[in-house]
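Following: one structure in C-alpha cells, then a few remarks.
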C-alpha cells in the first residue's frame, strides 16, 4: 500500500521549512536533490521530476519523437492514463492482452508490431514486473524503444537491478496511492542524455535553462508544457524516499502473513510472478474458479470491511474492455471490445486483489488473513 500510510512529523517538518524560507516554487534545490537521489536509487544516470505519472508517459513519448499517426503498443490491464497519454499526442494505442502475470503477453506483442509502431509500453501492474527479457528481445529485434510504465512498482527488481533500469526510458507516479507519495507527482528515468535533455525542456515550456542567461531571456529549441513540480512536492518525495526500505520490508512481512494463511486453499491460484522478479509485495492477488465466485468473494470481503485494489473494485478504470469512450473512434463498441479482450477478461474477472499495508501492524494483518481464509472456506474454496 502507499507511502501516505507512513506520513508523520518528518514530512510536516520538511514542508514547514519551505514556508519559513519562502522557497515554494519550481526548479529549486529540493527538486534537483529529489531527481539526483531517485536516479541513485534506481541506478540510472538521469531523472526528470514531473507533475504526474501521466505527464511522465506523455513526455517520454515526446522525447522519442512519437507523433500523430504513429502506433504505440501497450496492454489491456493498466490505468487508463497510459492510453490517454498516447491519445493526447495523436498516436494510436494498440492494445494487447495480458497473460497469467497480469501483464503484457509477449507472444501477442510480437503479432501487433507494424511499420507504424514507434514505442512499446509494458506496464508493471500492482507491484509485479512484466516478462522483461522476452519483451526486450522483441523490442530489440524490431528496433523499437521501450517506455516502462512503472507507476505501480517502485521498489521491485528484475534480477539484481531495480525495475525500470532496463528500459530506454521509465516513468513513475507519486500520487496518493503509490509506493511513495508527493500528493501528485511523477518522475522519468533514463540513461540516454538526449532523451533526458528533451524531457527536461519539454516539461518546462521548452526552457533550456541556460546558466549564462536570466530565465526571461532563456533559449529554446522545442515547444513544451508546464509539467513541473514544486519544492513542496520534492520535499515530500525526499522524505518518503528515505522511508522506502521500511515500506518494502513491511509490505513483504504483511504479504507473507496472508499468503501463508491462504495458500492451503486448493481452489485458489496465486498470480504468476516471473522467476527473475522480486515484487513490491504491496498487493496479494489470487484467482478463483469463476467470475460469479469472485463477485461473491468481493462482496463478503466488503462486509468484513476488507477492501480490494483495482480487482474488482476499480476494474472499469484499469481494463481496456470498459473504455468504449476511447476506442469508438477506432471502430470498437462495447461488444467488440468484449470480444477483443476475452482472454484478459477470463483472467481479470476471476481475480481478487488484496492491498497490503505498509504499517508495522502484523497482528491486524493476521486477523485480516483469518477473515479472508474463512470467507474462502464459506465459498467451498478449500
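Read-outs: derived from the displayed coordinates by stated rules, not from any lab. What you are looking at is a predicted structure, and each value in this text was computed from that prediction instead of being measured. Using ideal geometry, Cβ is built from the backbone for each residue, glycine included, and neighbour counts are taken over all protein chains shown.
A few points about this structure:
- Long-range tail of P(r) for segment 287-363 (Cα pairs > 15 Å, %): 62 percent
- Measuring nothing but alpha carbons in segment 13-131 and taking Rh as the Kirkwood radius, the Rg to Rh ratio lands at 1.08.
- Among 58, 272, 141: highest mean-square fluctuation, GNM of the chain, C-alpha pairs under 10 Å: 141
- Globularity index of the chain, i.e. its alpha-carbon radius of gyration over 2.2 N^0.38 Å: 1.00
- Nearest-ten-degree value, helix 231-241 long axis tilted from longest Cα axis of the chain: 50 degrees
- The shape of segment 102-227 can be summarised by an equivalent ellipsoid whose semi-axes, obtained from the alpha carbon gyration tensor, come to 30, 20, 12 Å from longest to shortest.
- Rounded to the nearest 10 degrees, the angle from helix 53-63 to the longest Cα principal axis of the chain is 50 degrees.
- For segment 171-240 versus segment 306-382, the gap between their alpha-carbon centres in whole angstrom: 33 Å
- Among 193-200, 75-82, the order from most to least packed when residues are scored by Cβ within 10 Å on average: 75-82, 193-200
- Spin-label pair residue 111/residue 133, simplified geometry with 7 Å Cα→Cβ offset, distance in nm: 2.4 nm
- Using alpha-carbon coordinates, inclination of helix 132-142 to the longest axis of the chain, degrees: 50 degrees
- Residue 338/residue 359 FRET efficiency (R0 30 Å; Cβ-Cβ; nearest 0.05): 0.15
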